[in-house]
Every structure is written in C-alpha cells, then in structure tokens.
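The values are calculated or read from the model by the stated rules, or taken from the named source; none is laboratory data. Source: prediction; values computed, not measured. Virtual Cβ from ideal backbone geometry, glycine too; neighbours counted across all protein chains shown. Side chains included, ligands, DNA and RNA excluded: accessible areas come from the protein's heavy atoms. Shrake-Rupley method; radii C 1.70, N 1.55, O 1.52, S 1.80 Å.
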Amino acid sequence: MEDSPMLTLHQGPAAFGIGNISPFCLKLESYLRMASIPYTAKPADYGKAPKGKIPFIEEDGAFLGDSQLIIEHLQRKHGDPLDAKLSAEDIAKGHLVRRVLEDSLYWHIVHERWVSQEGWQVYKPIFEALFPPVVGKLVVPLIRRGMTKALHTQGLGRHRPEERLEMGKADVSAVATVLGDKPFLLGDNPTSFDAALYAFIVSILAFPVDSPLRKYTREQQNLVRYCERFQQRFFAKGQP
C-alpha cells in the first residue's frame, strides 16, 4: 500500500465531540474507517463539489459526490468487506433503516439545528465560521431561510411541534427496535449500514440542546450504548 492515500475526503468541520457537523459526512468517514480505506480529510471547497454538497471525494484526479454513491463506488473499486456476505433480506432491512435515517429523521435534525431558535443559537456560530467573517454574516441568514423553506416543502415544517415530535420518536423507536440488543444493526459484525446508523443517531445525541427528541433518543439505551461502542472502536484517538 502506498504511503500517501490516493483518496481525499472533502467534508465539514468536527463539532459537539463527534467527527463532523454533517451526518452525511460522518457517515462517509465512518465507512472509510470501517472498510480500512486509507484517506486524508480536508475542509471542503464547495466550488469543487460535483453536486454542490458535502461530502465529496477526490480519487485518482476525479471528484465524486453523494455519500451513498461514493460508498457504492468504493465497494466496487476497493472490494466489499462489510456487506459481501449479507443475505438479500439483510440488505433490504439495512436499506430500509438507512432510508428512514436519511430521508425522514434527517429532517428532524435539520429542524432542531436550523429552525428551532434554541438550536440555531448553538449551530449558527459553527456554521458562520465556515465563511469569511463579513460573508458569513450576510450569507448564513439566507441559507437559514432556504433550509426553513426546504423543510416546509418537504412537509415536516408544516406540522405542529407535538406532531413533529411524535413523527421523530416513531423513527427513533423503529431504529432502536431493529437494532435490539445486537452489537451492530444486522448482527455481530459491522456493515455499511452501521455507518449511517451511527452518524445520524449520534448527531442527535451529541447536539448540545436538550430537545424533546434528544431526550427521547437518550432514553433508548441500546442506541446510546451502540454509539459509544462505535465511536470507541472506529474513532478512537490516533486513528486517521
């Protein structure tokens, strides 16, 4: 193996005691560590992002965006040590859990960070720091308005707080039930689906605003222990 990794991961900053403010960035970096794929990480230059979002990678001079498309590319190129022996049923179960996390629970994370006033006071200075001082003060409020509009378009932003909470609790409860008392989502060994499970649940647990959804997630002790185990195994000090 070459001394210098050929893969560069472009992503957001770490915060809240976890590897990244973005659950999608954290998902991809988790996968790279789980699959033992060498990489270097650097702050993202959005001008180079092929889909205008993070994370994205640069490998062999080519750029590729979207965390899931990147993982599938890496599985084809570098082999698939995590999922190769999974049954069709396990792959389907992992796919469904990942979709709940990325396409439903994600929007609750967005609401708690971008729309909730208490959450915004915590998240705003971290996000502003990604821009030059004057630019950040001008651009970030526009981005916040765009995120609020996106939540309304998606649908979650149209609901009352108590309705929104019940929807989020249902997602968390479903994921906790599927995990059960297993070490990893699908059994004794980690799979690519664990990258998403860890990234999205820990993004709720680590965010330092004790919202009702965070309180409920913390009550799911199997999810809390899962994130602790995962972080210790794959993000212990000294790892790349």
- Item | Answer label for Cα extents along the principal axes in Å (calculated), chosen among (i) 68, 38, 27; (ii) 48, 43, 32; (iii) 53, 43, 29 | (ii)
- Query: Does the stretch 166-239 come out rounded, prolate or oblate, given a ≥ b ≥ c as the square roots of the eigenvalues of its C-alpha gyration tensor, rounded meaning a/c under 1.5 and, failing that, prolate meaning a/b above b/c?
  - Reply: oblate
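Let a ≥ b ≥ c be the square roots of the eigenvalues of the Cα gyration tensor of the stretch 4-55; is it rounded (a/c under 1.5), or, if not, prolate (a/b larger than b/c) or oblate? Spell out each step's value before the answer.
Numbers: a/c = 1.74, a/b = 1.08, b/c = 1.61.
Judged from the Cα gyration tensor, the stretch 4-55 comes out oblate (a/c at least 1.5, b/c at or above a/b).
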- Note on the structure: For Glu58, the accessible surface traced by a 1.4 Å probe with all protein chains present amounts, in square angstrom to the nearest 10, to 60 Å²
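Relative to the present Cα-Cα distance, how much length would full extension add between Leu69 and Asp181 at 0.36 nm per residue of separation?
37.3 nm
For the stretch 27-72, what value does the Rg/Rh ratio take when both radii are computed over Cα atoms and Rh is the Kirkwood radius, given to two decimals?
Values: Rg = 10.2 Å, Rh = 11.0 Å.
Rg/Rh for the stretch 27-72 comes to 0.93.
Could you compute the FRET efficiency for Arg218 and Leu130, with r as their C-beta to C-beta distance and R0 at 22 Å, rounded to 0.05? Could you put the intermediate results ahead of the total?
Working: r = 28 Å, r/R0 = 1.28.
My answer for the efficiency is 0.20.
Would you list the membrane-span-like helices of the chain, meaning whole DSSP H runs whose alpha-carbon atoms span at least 30 Å along their axis and whose mean Kyte-Doolittle value is at least -1.0? Numbers along the way, then the final one.
Working: long enough: 133-154 (31 Å, 0.34).
Helices passing the filter in the chain: 133-154.
Please work out whether the stretch 31-171 counts as rounded, prolate or oblate from its C-alpha gyration tensor, where a ≥ b ≥ c are the square roots of the eigenvalues and a/c under 1.5 means rounded, while otherwise a/b larger than b/c means prolate and anything else oblate? Mind dumping the intermediate values first?
Details: a/c = 2.65, a/b = 1.25, b/c = 2.11.
Taking the square roots of the gyration eigenvalues as a ≥ b ≥ c, the stretch 31-171 is oblate.
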- Message: With a 1.4 Å probe and all protein chains left in place, how much of the accessible area of the chain comes from carbon and sulfur atoms, in whole percent?
- Response: 55 percent
- Query: Accessible area per residue of the chain at 1.4 Å probe, in Å²?
  - Reply: 51 Å²
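Report the extension gain between Ala150 and Ser36 in nm, rounded to one decimal, defined as 0.36 nm multiplied by the number of residues separating them, less their alpha carbon distance.
Numbers: separation 114, 0.36 × 114 = 41.04 nm, distance 3.57 nm.
Between Ala150 and Ser36, full extension yields an extra 37.5 nm.
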- Message: If I ignore ligands, DNA and RNA and count only protein heavy atoms, how much of His152 is accessible to a 1.4 Å probe, in Å² to the nearest 10?
- Response: 90 Å²
- Item | Estimated distance in nm for a label pair at Lys53 and Ala236, the labels positioned 7 Å out from Cα along Cα-to-Cβ | 3.4 nm
- List Ile143, Ile201, ordered by accessible area with a 1.4 Å probe, largest first: Ile143, Ile201
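If you stretched the chain out fully between Lys137 and Arg158, how much longer would it get, using 0.36 nm times the residue separation minus the C-alpha to C-alpha distance?
Working: separation 21, 0.36 × 21 = 7.56 nm, distance 2.75 nm.
Between Lys137 and Arg158, full extension yields 4.8 nm more.
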